[in-house]
Amino acid sequence: MIKKIFFAFVRYSGLLRVWVYINRDKINILMLHGVIDHEADPSWNPLWDRLSRERLDRYLGMLSRYYQFVSLDDAVDMLSGNKRLERNCIVLTFDDGYRNNITHALPILKKYGVTATIFVATKFVTERSAFLIDRLDYALQSVKINGRKISVGDSSSTIQAASREEFKKSYSDLRTLFREQYQDEIVCTKKLNELSEDLEKESGKSLSDIFESDGWSGLLTWDEIRKTNHTDAEYGSHTVDHYRLGQLDTAEMSLQLDKSKLIMEKELGEVCKHICYPVGSYNSETITIAEKCGYISGVTTEPGLNSKGDNLFSLKRISFPTKGGDNECMLHLTGLQHYLAELKSRLRA
Ligand SMILES: [Zn+2]
């Protein structure tokens, strides 16, 4: 309750506007994923929350009163000094290349004059396969799973699915356990795919059956990407396999950065400039290789605002909230909430 009053006070007292004014020379880059409409896509309901069309529309409307929307290309040029830095700039980026970015989000983006950058993982676009996070989600929901113990390496996890909230937590815990048990990123992905396959055999159902028409998990095709490139959106690389780059050896990391760039360039017929590190995982070697490959920027999942002169390969982004009240979300979207949380932990230390 106190928090709610605080959020409302900050927003309506003008403090939020002061915060945006103080940071007028910093660039705010937002991170989004899928955008859906529950009523239009009733076939199933993923455990990983997605942003609704209605929320996207409402918050872009609010943000447009504080910011001007610019493309990532322009933002990077401003941060590097190639272009004059404009005030109160905000950028929208979408990770993973869901088709709903075009079918559901684009009409709203157009309404506000937003040119977003969509990051695609090339293997999934080419092979027409769902992301593991969606595949396993669908597979878990297709069997009687409540109370089932799943072995993971030398540990196990029991899925609690009596309520939706418990199920969401169990799914998240299960993925965390896989990552802990299988430090090797490629082995971890293989093991998660094997679990999905076992569950699919048991239910006789697979997300691949509905993938192309599925509003949640369906991905853009190369044709759709080409058709919308520049007229509606811009595109960047999200690697080939969506592996966490920071977990890979040098050879595999290079391959993920280089090959995805080449594929993007072959498919789009133009230079691929930006890389988005899957799950925000990267290290200093990733930056060195990305630069060598010819990228001009790399976006992370570290929260915060970006200033001129910052390293262009560790650009911070603020996640677009899928739930929460308007006042709290506005504090979050403007970076103020993150700043206050940091300040609090600094004061405590
Ligand atoms: Zn991703």
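Derivation of every value follows stated rules applied to the coordinates shown; laboratory data play no part. What you are looking at is a predicted structure, and each value in this text was computed from that prediction instead of being measured. Methodologically, a virtual Cβ is constructed for each residue, glycine included, from the backbone with ideal geometry; neighbour enumeration extends over all protein chains shown.
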What percentages make up the Cα-Cα pair-distance distribution of segment 132-212 when the bins are 5 Å wide from 0? 3, 16, 26, 27, 19, 8, 1, 0
Between segment 51-97 and segment 319-344, what's the alpha-carbon centroid distance in Å? 16 Å
Could you work out the relative contact order of segment 132-212, using alpha carbon pairs under 8 angstrom and six or more residues apart, expressed as a whole percent? 39 percent
Based on the alpha carbons, how large is the Rg to Rh ratio for segment 81-185 when Rh follows Kirkwood? 1.12
What is the diffusion coefficient of segment 155-273 in µm²/s, taking the Kirkwood radius over Cα pairs and the Stokes-Einstein relation at 4 °C with a viscosity of 1.567 mPa s? 75 µm²/s
Between Ile27 and residues 5 or more places away or on another chain, the pairs with built amide H atoms under 5 Å apart involve Asn306, Ser307
Sort Met1, Met62, Met253 so that the residue with the fewest other Cβ atoms within 10 Å of its own Cβ comes first and the one with the most comes last. Met1, Met62, Met253
Give me a comma-separated list of calculated 3J(HN,Hα) values for segment 79-87, in order, Karplus coefficients 6.51, -1.76, 1.60 applied at θ = phi - 60°, integers in Hz, x for any Gly or Pro. 5, 8, x, 6, 9, 5, 6, 8, 8
Roughly how big is the chain's charge dipole about its Cα centre, with Cβ charges of +1 (Lys, Arg) and -1 (Asp, Glu), in debye to the nearest 20? 1480 debye
A chain fully extended from Asp25 to Ser345 at 0.36 nm per residue, minus the present Cα-Cα distance, gains in nm 112.7 nm
Short version: ³J(HN,Hα) in whole Hz for each residue of segment 11-21, in order, from phi by Karplus 6.51 cos²θ - 1.76 cosθ + 1.60 (θ = phi - 60°), x for Gly and Pro, what are they? 6, 8, 7, x, 4, 4, 5, 4, 4, 5, 5
Nearest 5 is fine: what % of DSSP beta bridges in segment 47-195 come out antiparallel, could you say? 45 percent
Excluding residues fewer than 8 places away in the same chain, name every one of the aspartates and glutamates whose C-alpha is closer than 18 Å to that of Lys266. Glu127, Asp223, Glu224, Glu234, Asp241, Asp258
Using θ = phi - 60° and the Karplus form 6.51 cos²θ - 1.76 cosθ + 1.60, what ³J(HN,Hα) does each residue of segment 162-168 get, whole Hz, x for Gly and Pro? 5, 10, 4, 5, 5, 5, 4
Just going by the charge dipole of the chain, with Lys and Arg at +1 and Asp and Glu at -1 on Cβ, which of Phe124, Val240, Tyr277 is farthest out on the positive end? Tyr277
Specify which residue in the list Thr158, Ser71, Ile5 is farthest towards the positive end of the charge dipole of the chain, using unit charges on the beta carbon of Lys, Arg (+1) and Asp, Glu (-1), about the Cα centre. Ile5
Which of the residue pairs Lys191/Lys259; Lys168/Lys205; Lys149/Lys323; Lys123/Lys308; Lys123/Lys261 have a Cα-Cα distance greater than 22 Å in the structure shown? Lys191/Lys259; Lys149/Lys323; Lys123/Lys308
Sorted by chain and then number, the residues having a modelled amide H within less than 5 Å of the amide H of Thr158, at least 5 places away or on another chain, are Ile150
Alpha carbons only, please: Rg and Dmax for the chain, in angstrom. 20.4, 59
Relative contact order in percent for the chain (Cα pairs under 8 Å, 6+ apart) equals 22 percent
Cβ-defined net charge surrounding Ser172, 12 Å radius [Lys, Arg +1; Asp, Glu -1]: -1
Rounded to whole angstrom, the alpha-carbon centroid of segment 162-198 lies from that of segment 141-157 at a distance of 9 Å
